[in-house]
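Values quoted throughout were computed directly from the atomic coordinates according to the rules given, and no laboratory measurement underlies them. This one's a predicted model, so the numbers in the text were calculated from it and none came from an experiment. Cβ placement follows ideal geometry from the backbone for every residue including glycine, while neighbour counts extend to all protein chains displayed.
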Amino acid sequence: MYQSNFCQLLALKRHTCEATREGDWFIHRCPECDYELWDNWQTGELKVFNAKAGIKHSGFYAPPEIEQGKEDSN
Ligand SMILES: [Zn+2]
């Protein structure tokens with residue numbers, strides 16, 4: 001199987017970020033390098049620090065309070 005070669009064909013490394021929340025910001029930090037993505041959920045502003053060519057960063061923040069009570073607003 002060639003599944004694991006897919007990223008190498010694209011010459012991309014993949015890092016998975018860890019997200020935390022600080023005030024209005026969701027902060028995605030990469031534990032493998034110094035990449036950071038700051039996502040302001042109030043204004044939609046995005047800031048990216050130390051982005052690397054050839055490294056694809058993924059990661060998401062799923063606040064548990066959004067999952068609940070979507071339809072349950074009475
Ligand atoms: Zn990284």
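Observations
- With a simple spin-label model that places each label point 7 Å from the Cα along the Cα-to-Cβ direction, the separation between ARG21 and SER58 comes to 2.4 nm.
- The range 23-57: chymotrypsin sites (Phe, Trp or Tyr not before Pro) in DSSP loop, at most 16 other beta carbons within 10 Å: TRP41
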